[in-house]
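The structure appears right after this line, and notes come after that.
The values are calculated or read from the model by the stated rules, or taken from the named source; none is laboratory data. A quick note: this is a predicted structure, and the numbers were derived from the prediction, not measured. Here Cβ is always computed from backbone atoms with ideal geometry, including for glycine, and neighbour counts include all displayed protein chains. Please note that ligands, DNA and RNA were not included when accessible areas were found on the heavy atoms of the full protein model with its side chains. Shrake-Rupley method; radii C 1.70, N 1.55, O 1.52, S 1.80 Å.
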Amino acid sequence: MGGLALAGSMNANAIPIYARQTGQACVTCHLGGMYPQLTSYGRLFKLTGYTMGTRPNLTDLEVQKDAPPISVWLQAGRGFTNKNNAASQPGDTQNIQAISLFSGGKITDNIGGFLQWTGGNTGGGYNFTVDNSEIRYADRNLNNGNDLIYGVYVNNHPTVSDVWNNTANWNVILMGFYNANAAAQTPQPFLDQYGPGQSEGIGAYLYKDTTWYAEAGVYKSFTHGIATTDLTAGSGSVFIDPSPYYRLAYSKDIGAHSFEVGMHGMISYAHNGSWGTTVNTYRDTALDAQYQYNLDPHYIGAHARFLHESSSFAGDQVGTTAANGSNYLNEAWLDVSYVYQAKYGGTLTYRNITGSNDLTLNALNTTTGSPNWQAWIPEIFWTPWQNLRLGFQYTVYTQMAGATSVIPGQTLKPSDFNTSAFYVSFIY
Amino acid sequence: MKHIAKVLTLSAISLALGACSTGLDKSRNLGNPAVSGNTLAQQVCSICHGEVGSNVNGNSVNPTFPNLAGQQKDYLVAEMTEFHEHTRKDPAAQDMMWGIARNFTPKQIEELATYYSKQPTRANPNPVNPALAAEGAKIFNEGNLDKGVPACMGCHGSNAEGNGPIPRLAGQHQDYLYKQLMAFNSDEMVEEKENNNAKDDDLERPHGVAMEGIAHGLDDHQKHAVAAYLQTLK
């Protein structure tokens, strides 16, 4: 489950932690209340280390009443897949349930955190694990027109640091694809597959004049310490040697419009199955852009991301992990969302993956081994009050395993994987 | 027991503060009365009410956020006090300013008001429809006498520069001005229902009594027009 952030409440005495910390409503930090999408102010809140506002009254220094820095997010829903088939094929209905707990917020004037734990059942039984989590140290120098924000972070997932909602982790789709079985049929770039709590990383960033942004980090799999889940890519666990992540961006606000263009990427050195195996390398490079319009009653958010991945496999794994010594994948992601009065909204997402054929990696199409797939994801939602969101989302697969009709070697068409889901999302 | 816990936390926190804090002059703490108004203006308010790469703070980019630069000091004090006391309660005020002003001390309000009233103003860079602005100019200078609306300039000044508790409107964002006129307008409708005896609690801007009838006397188009004109003033 990817992104989310904390929302506020009408009740000023019992609201999620960041809203409690700043005393502000969701729309302040989330575009039209569409969490996890961040406004310009929300980005600065994160980049200045979640330190704006007040903090729990530990030192008798603070003026506000004490309240525990905890909040809860509940999601429930029901998904329906077009066609029910044999075991490995899409199931016809699924219950969607997840509960997240958050803590964090301001710790000192320079240190703050975002801590999330999620338990859920999205088809594969219950689990409760560390979700997106990070601690930041940040400072901002402002004088005579010079403005420099700089900081460092420790977190548990590359792209947790994203403030432009243009990564798989923080994308605009609240409920993921919600077709657990289909997900295995839709190859993804390696960077998109990192889950929270599966690696640990440190990074540093600069944001000059809230215009130029540069960030570098390095991640590796846990070798000791708190138990977390392994990173799984394709069919099994993967362990990462220290692997670099970076991001560069240019951003500008003009009137109610906000623009960002940039690039980000990662080179992942991955041991497949166990630490003892030889290293495969995934080079992911993405161009990304964001547009926002933020002026009540109209809010628009749009993203574009074009990612190229080239992967190379160690000689002894060619034939077992992958059929080819090297492969590539191209991902195109486009989304646009609109919400009126922060209440009635919709999102349309388009995602397209193309790449080199590999019969071992992409076994669905037994003739070509094509990874290619394409989906449209329309969604409508209603936020009757800022803590509650009700939505309906449909995922339409127009291509899967390189086929637009019956997939070679299967009896299924891409449309058999189409999934609809009703959901309720409540955050407090 | 509780005491020991407190001492431990205190020492941990002061250690952390000592090691990692850059001090009060760059704090974003909205709960610490020792943080000065100037520091808050730079570290917090400027994100919404300011513009980057400019050493002037208080001319905002997004029209959601009003310009504060060159605003009348008395008016700024009054509004910050109203946000702090929750008397000004139009939706944007509740969503964004109540939290900011939650722990304001009178000293911080005074410092912030002084700071912003002294920031130089600048021409609003956002475009307006010139024909609409021309209509607005007429309303601003002459009022809308059929509906008993006096000339705005009578109170707000010939160049909308304001005076004491009467706000400066020159160069203010059209969208913001329109939304405030709508707030005064809906307050007037509450007053009409309550025979001009509405309680402050029922009004979005209870200190804007002077503006209620005026806003109500302008139709929607006229509100847009006068707001457009005001945005063009320097």
For B:V128, what accessible area in Å² do you get when you roll a 1.4 Å probe over the heavy atoms of the protein chains, rounding to the nearest 10? 40
FRET efficiency for A:Q97 and A:D241 from the Cβ-Cβ distance with R0 = 41 Å, rounded to 0.05, comes out at 0.70
Students often get this wrong: which residues of the range A:281-302 have the backbone nitrogen under 13 Å from the point 7 angstrom along Cα-to-C-beta of A:L334? A:302
Using a 1.4 Å probe on the protein heavy atoms only, what accessible surface does B:D175 show? Give it in Å² to the nearest 10. 40
From Cα pairs below 8 angstrom and at least 6 apart in sequence, can you work out the relative contact order of chain B, rounded to a whole percent? 21
Sorted by accessible surface (1.4 Å probe, heavy atoms of the protein chains only), largest first, A:T404, A:T118 come out as A:T404, A:T118
Only four residue types carry charge here, +1 at the Cβ of Lys and Arg and -1 at the Cβ of Asp and Glu. Report the dipole size of the range B:78-145 about the Cα centre in Debye, rounded to the nearest 20. 180
Relative packing of B:41-49, A:283-291, A:160-168, which averages over residues the other C-beta atoms within 10 Å, highest first: A:160-168, B:41-49, A:283-291
Evaluate peptide A:36-46: per residue, the Cβ atoms of other protein chains within 10 Å of its Cβ; return the mean as an integer. 2
Any chance you could tell me what percent of the C-alpha pair distances in chain B go past 34 Å? 23
Per residue of B:42-52, how many C-beta atoms from partner chains lie within 10 Å of its own C-beta, taken as a mean? 5
Given B:K107/B:K193; A:K220/A:K413; A:K46/A:K220; A:K46/B:K223; A:K208/B:K89; B:K179/B:K234, the pairs whose alpha carbons are separated by over 27 Å: B:K107/B:K193; A:K220/A:K413; A:K46/B:K223; A:K208/B:K89
Give me a single rounded figure for A:106-118: the average over its residues of other chain Cβ atoms within 10 Å of their Cβ. 4
